[in-house]
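To keep things clear, I will list the structure first and then write my remarks on it.
Bear in mind that the values in this text are calculations on the coordinates, not laboratory data. It should be emphasised that the depicted structure is a prediction, and the values quoted were computed from it without experimental measurement. When we count neighbours, we look across all protein chains shown, and the Cβ atoms used for this are built from the backbone with ideal geometry, even at glycine.
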Amino acid sequence: MRKTILPAPPSHPGSLHLEQWLDLTRLARVEVTSEDPSFPVEHALTLDTITGWRAGSPGPQILRLHFDAPQDLHHIHLHFIDRAAERSQEVAIYAATATLPLHELRRQQWTFSPGGSTEKIEDFTLHLPAVTTLELRIDPDRSHNPAQSDLYATLTALKLA
């Protein structure tokens, strides 16, 4: 038998240690279109809170981070949970630098189902030097079903490295 021991594969991007994530509450100013006072946006941005953010009004929402100093980003971690509603959600991620206006990086769509998929984690590895603004556009109901006009956008966690 011939055998070769391979080096260990690099760790999964989601396995970054706590100290490697950026402290967004210290490094950025946040703008949000609405928020439920019981689930403020800080709860999705801090490294030790898991209650997350919830919009204060139904429909599409924007969450925008303006960095105090440009940040080199190489990892975006998004965590969404919805155990109550059957819905298709879309999130689009935009970034801007001092020399490049806001432009779309990624767009992702998925379906939540109380009897099935209730959680979605997205880990994006990328190379974004000198980001000044990062924006999430969350549409909690891509079907735009009038019978579900009371769907609220949520974000359990946003982490950047």
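Quick check: pseudo-label points 7 Å beyond the Cα along Cα→Cβ at Q109 and Q20, how many nm apart are they?
It works out to 3.3 nm between the two label points.
Just need the relative contact order of the range 20-153 here, percent rounded to a whole number, with Cα pairs under 8 Å and 6+ apart.
In percent, rounded to a whole number, it is 30.
Grab the alpha carbons of the range 20-153, take their convex hull, and tell me the volume per residue in Å³.
Per residue, the Cα convex hull of the range 20-153 comes to 112 Å³.
I'd like the FRET efficiency for L27 and H144, computed as 1/(1 + (r/R0)^6) with the beta carbon distance as r and R0 of 35 Å, rounded to 0.05.
Here the calculated transfer efficiency is 0.50.
If you add up the charges near A85, with Lys and Arg at +1 and Asp and Glu at -1, over every other residue whose beta carbon is less than 10 angstrom from its beta carbon, what do you get?
-2
Summing +1 for each Lys or Arg and -1 for each Asp or Glu, what net charge is found among the other residues whose Cβ lies under 13 Å from the Cβ of L105?
0
Please give the contour-minus-distance gain from S38 to I62: 0.36 nm per residue of separation, less the Cα-Cα distance, rounded to one decimal in nm.
6.8 nm
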